[in-house]
Amino acid sequence: MSKEYRGQVAEVPVAENWKRFQGQKINGEFELREYFGGSAHSAAFLTEHDHGAAAIHLISENAPDKDRQLASWQLGTEVSHPNLVQVFRVGLSQIDDAKFYYA
């Protein structure tokens, strides 16, 4: 393990920690369906959007690289290209006591 990530290992297995949110909704509209994968600070789920099935990416509000990730997502809402993943919306939401940024 690199020095950069030492001490950041989740005490609860990562998948189980995120899978507990399956079935919950982000902002009352994006249901977190199938868990695709993640890390200690982020996860991706299957959801639905106006255009059909979509992926939703969550990062915890205390993720160490959240500012960089949010800037990247925001830029993604402003560009459109057939070789890029389209970002429809970026926001902040909460499930119980956990706050997340999402795209």
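The values are calculated or read from the model by the stated rules, or taken from the named source; none is laboratory data. What you are looking at is a predicted structure, and each value in this text was computed from that prediction instead of being measured. As a convention, Cβ positions derive from the backbone with ideal geometry for all residues, glycine included, and neighbour counts pool all protein chains shown. To get the accessible areas, we keep the full protein, side chains included, count just its heavy atoms, and leave off ligands, DNA and RNA. Shrake-Rupley method; radii C 1.70, N 1.55, O 1.52, S 1.80 Å.
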Taking segment 60-71 on its own, how many of its residues are surrounded by 14 or more Cβ atoms within 10 Å (Cβ to Cβ) and among the small types (Gly, Ala, Ser)? 2
May I ask you to list the residues in segment 70-103 that are within 12 Å of the chain's Cα centre (by Cα) and small (Gly, Ala, Ser)? 91, 93, 103
Give the number of residues within segment 24-59 that are in contact with a Ser or Thr (Cβ under 9 Å, 6 or more places away or on another chain), surrounded by 16 or more Cβ atoms within 10 Å (Cβ to Cβ) and either hydroxyl-bearing (Ser, Thr, Tyr) or in contact (Cβ under 8 Å) with a residue 60 or more places away in the chain (or both). 3
In segment 72-98, the residues that are under 23 Å from residue 18 (Cβ atoms) and open to solvent by less than 70 Å² (accessible area, probe 1.4 Å): 72, 73, 76, 87, 90, 91, 93, 95, 98
Does residue 32 satisfy being within 11 Å of the chain's Cα centre (by Cα), of a type outside the set (D, E, K, R) and modelled with pLDDT of 95 or more? yes
Looking at 19, 3, which is the one that is in contact with a strand residue (DSSP E or B) (Cβ under 6 Å, 6 or more places away or on another chain) and either surrounded by fewer than 14 Cβ atoms within 10 Å (Cβ to Cβ) or modelled with pLDDT under 95 (or both)? 19
